[in-house]
Amino acid sequence: MAAVGELTEDAVEIAERIADVAREQGWTIAVAESLTSGNIACHLGAAPDANSWFAGGVVAYASEVKFKVLDVDRGPVVTARCAEQMARGVARLMNADVAVAVTGVGGPDPNEGHPAGTVYLAVSSGSHEESAHHRFDGDPSEVVELATVTALRELLTMLEDARR
């Protein structure tokens with residue numbers, strides 16, 4: 001496993017494919033991250049020509065940041081609803097065509113009644129939105145890496161499906 005913040009081979013390859021689709025379609029992409037703490041943005045920002053398609057992101061680790069900056073409804077933040085609202089909020093904030101958001105419990109302890117490794121992510125394109133629940137095993141850095149790669153994969157899938 002790579003250290004948190006370190007670019008991983010799988011994630012770099014997926015981010016490059018995201019860059020290709022975004023440039024080809026003229027789409028802009030934004031991210032809202034909680035437990036991944038900017039790791040997704042790090043991979044997207046390192047992809048080819050990021051300045052032409054990557055709008056930016058918000059690291060909303062604290063619940064109050066989710067509520068105040070991303071317009072997430074007050075309440076539990078380890079939910080699919082929170083991930084969806086984070087994605088919509090960052091898309092609005094960054095004026096992006098597509099956004100991905102991740103929230104969850106990195107560990108090692110449970111949070112909001114969810115065990116470590118619980119991850120919710122959402123991808124939103126304005127006209128289409130998908131969310132998913134995942135449970136990853138491992139220490140906090142492994143959970144962050146798995147959540148990062150999974151979020152990038154799901155973002156790529158939505159982009160590829162949307163261009164068809």
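The values are calculated or read from the model by the stated rules, or taken from the named source; none is laboratory data. All values reported here derive from a predicted model rather than from experimental measurement. Virtual Cβ from ideal backbone geometry, glycine too; neighbours counted across all protein chains shown.
Computed values, structure above
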{"read-out": "Some residue of the range 107-118 being touching a helix residue (DSSP H, G or I) at 6+ places or on another chain (Cβ under 8 Å) and not in a loop (DSSP other than H, G, I, E, B)", "value": "no"}
{"read-out": "Of residues in the range 141-164 being without any contact (Cβ under 8 Å) to a residue 40 or more places away in the chain and of a type outside the set (A, V, I, L, M), the one farthest from GLY38 (Cα to Cα)", "value": "ARG164"}
{"read-out": "Condition check for VAL149: within 11 Å of the chain's Cα centre (by Cα) and outside any helix (DSSP H, G or I)", "value": "no"}
{"read-out": "Elements of type helices (runs of 4 or more DSSP H) contained in the range 1-81, each with 1 or more residues being within 16 Å of the chain's Cα centre (by Cα), more than 19 Å from ALA122 (Cβ to Cβ) and touching a residue at least 60 places away in the same chain (Cβ under 8 Å)", "value": "9-25"}
{"read-out": "SER125 surrounded by fewer than 24 Cβ atoms within 10 Å (Cβ to Cβ), under 16 Å from ALA30 (Cα atoms) and either under 16 Å from the mean Cα position of the chain (by Cα) or among the aliphatic types (A, V, I, L, M) (or both)", "value": "yes"}
{"read-out": "Criterion: aliphatic (A, V, I, L, M) and surrounded by fewer than 16 Cβ atoms within 10 Å (Cβ to Cβ) - qualifying residue of ALA87, ALA132, ALA101", "value": "ALA132"}
{"read-out": "Inter-residue pairs, beta-carbon under 7 Å, first on the phi > 0 side of the Ramachandran plot and in the range 99-125, second part of a strand (DSSP E or B), 6+ apart", "value": "GLY104/THR118; GLY104/VAL119; GLY104/TYR120; GLY117/ARG135"}
{"read-out": "Matching residues, the range 70-98, being over 23 Å from HIS114 (Cβ atoms) and of a type in the set (Val, Ile, Thr)", "value": "VAL98"}
{"read-out": "Candidates LEU152, LEU156 - the one that is at pLDDT 95 or above, in contact with a His (Cβ under 7 Å, 6 or more places away or on another chain) and more than 24 Å from ARG74 (Cα to Cα)", "value": "LEU152"}
